[in-house]
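Here's the structure, in structure tokens; my notes come after.
The values are calculated or read from the model by the stated rules, or taken from the named source; none is laboratory data. Just so you know, these numbers come straight off a predicted model, no measurement behind them. Glycine gets a Cβ as well: all are built from the backbone with ideal geometry, and neighbour counts include every protein chain shown.
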Amino acid sequence: MIYEDETGKWNNHAEDVIAVEPYDPRWADQFANEQQAIRECVDALIPMVVEHFGSTAIPGLPAKPIIDILVGTSAGSWMLKDRGPRMLQADPEVTSAVDIFVKDLGIVLEAGRETKAALPMTALAYQLFNSTSGRGEGTADDSQVIRAYRALNGTTT
């Protein structure tokens, strides 16, 4: 348990004793319930993995009765790690322009039309990049597609 001590500092010294217990088959059900709750918090269109790991995930193994869960989504992507900090800057260095994404996404959509493949998320991304370009920001860093979201929401930050 994390708590604030009498000096105002945060402390994570355990007050409770955690003991190893015999395997409990209900641990799998507890994980399944948590997995469902986590999935309900995330849009179904976002690829996500929710895994049960650690000692309670191994049938028959005595363990501490704590369900360890690992969650990963496409939101944890390299692109977000790379572009995210620049999204917060007013005028970041251009490493790849908005108009390059407009061109590339257009090529992908054309290939989708030719093969009759549905690409709804690509079409949405194209519209956001294209609207940013259409506002005269096509030469801005591609991280500045965030401006399209801000414009849609009527915000500046």
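In contact with a strand residue (DSSP E or B) (Cβ under 8 Å, 6 or more places away or on another chain), surrounded by 15 or more Cβ atoms within 10 Å (Cβ to Cβ) and not hydrophobic (A, V, I, L, M, F, W, C): does that describe ASP99?
Judged against the criteria, ASP99 is not a match.
On inspection, ASP82 qualifies as outside the structural domain of ASP29 (by TED's automatic domain parsing), within 20 Å of the chain's Cα centre (by Cα) and either modelled with pLDDT of 90 or more or not hydrophobic (A, V, I, L, M, F, W, C) (or both).
From VAL50, VAL42, which residue is modelled with pLDDT of 90 or more and under 26 Å from PRO120 (Cβ atoms)? Outline the logic, then answer.
Numbers: VAL42 fails: modelled with pLDDT of 90 or more.
After applying the criteria, what remains is VAL50.
The numbered conditions (1) β-branched (Val, Ile, Thr); (2) surrounded by 14 or more Cβ atoms within 10 Å (Cβ to Cβ); (3) under 16 Å from the mean Cα position of the chain (by Cα); (4) closer than 23 Å to ILE146 by Cβ are all true for THR132 except (3). Here is the figure for the range 139-152: residues that are crowded, with 19+ Cβ neighbours inside 10 Å and outside any helix (DSSP H, G or I) total 2.
One residue alone among ILE58, ILE46, ILE38, ILE66 is under 23 Å from ARG26 (Cβ atoms) and under 22 Å from the mean Cα position of the chain (by Cα), and that residue is ILE38.
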